[in-house]
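The block underneath contains the structure these notes are about, expressed in structure tokens.
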Amino acid sequence: MVHIQSSIFSGLLLATVASTSLIPSFPTRLIKRADTWGGSVSLGPTKSTIINAVTTIIPGPAPPTQNGELFLWPGMSNGTGDLVQTTLESWPSNSWCGAAAGQWCVRASVFGSFGQLDGSPGIVSGGDQVRIEYNLQSDQNTWLQTVTNAITGQQLSTYSHASGPYMRGYGTGTECDDSCTGTIAAQSYLNTVITLASADTTFGNTIASAGGATYSGLTSSQGGKVWSIASINIPAMIKTSTTTTKTTTKTTTTSTKTTTTASVKTTTTSAKTTATTTKSGNGCTASQYAQCGGIGYTGCTSCASPYTCKYSNDYYSQCL
Ligand SMILES: *[C@@H]1O[C@H](CO)[C@@H](O)[C@H](O)[C@H]1NC(C)=O
């Protein structure tokens, strides 16, 4: 199972490819013209090196049926060496990891000159929060990938590989191979934190987004050694009609979306009703950047002043 690394062009280091000598051309054998890409957000290259990177992805449901292969991953590379890429995968059947239709398989994974190396897989549902950490071990050479359910702490996959100390770029990839069925839901990456070996005050200037992806809350601390992105939102590749109905106790917001499905080139109109439930009387408020809504979410639905609860996707609303 080889996923193709051409993603580094369209995802990781996207905007910096043209302007840096760090990123050489990839061998053309690695690039499949049929592959397409969803939106992406990336950072890099840094003048320092990355020593730790952590994010939490909420993938939304996988397409119930899949043509080709669909991969979602946060990736880290220096452009010539290995691509460290824990990958959420949707195949024509995901039974190989035990997943049902609409669920993902997830594997800690490394792509390099050797091909693809994978840890054993776990199962991910659309509303799950999947925490993915890449950590440079004390030998300054081995990268440990640890994939856990952020809510339950259950380990989903892990993998260790000696990919070297020179990781300079980090970014999201939504990779659609062999005419895949594209993503049908937006993906959120929460609280992405990249720690560098030493301060790089200009790392934040390298942030780039493509394909309609957005981000919010880019901040740094420790003089530019630690960089955080509170929220990244990657839009669905295929808009489907979904109707979400929830019990409303206080406020209801109704919006209508008109979307075109790319795959079949027809226009479909979907009326989407999103109901916001405001808990009465518990006085519970979520802080800036915290989650405040979404399918399966049971926490505070009000935001601390002056922030308001903004819809990101069906699985995630955030105080901004
Ligand atoms: C990328 O990392 C590999 C492995 O450590 C190293 O051999 C290579 O020189 C690095 N390339 C760049 C451009 O830093």
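The values are calculated or read from the model by the stated rules, or taken from the named source; none is laboratory data. A quick note: this is a predicted structure, and the numbers were derived from the prediction, not measured. Don't worry about glycine lacking a Cβ; one is built from the backbone with ideal geometry, like all the others, and counts go over all protein chains shown. Protein only, heavy atoms only, side chains kept; ligands, DNA and RNA dropped before computing areas. Shrake-Rupley method; radii C 1.70, N 1.55, O 1.52, S 1.80 Å.
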Review point. Taking a ≥ b ≥ c as the square roots of the eigenvalues of the Cα gyration tensor of region 141-214, is the shape rounded (a/c under 1.5), prolate (a/b larger than b/c) or oblate?
Key: oblate
Exercise for review: For a quick protection proxy, order the peptides 90-101, 140-151 by their average other-Cβ count within 10 Å, most packed first.
Suggested key: 140-151, 90-101
Review point. For Ser179 and Ala100, what does the FRET efficiency come to when R0 = 22 Å and r is the distance between their Cβ atoms, rounded to the nearest 0.05?
Key: 0.45
**Study point:** Gain in span if fully extended, Val193 to Gln155, counting 0.36 nm per residue against the direct Cα distance
**Key:** 11.7 nm
Study note, to complete from the structure: With every protein chain kept in place and a 1.4 Å probe, the residues Met167, Met237 fall, from largest accessible area down, as Met237, Met167
Study note, to complete from the structure: Taking 0.36 nm per residue of separation between Ile295 and Thr214 and subtracting their Cα-Cα distance, the length gained on full extension comes to 27.1 nm
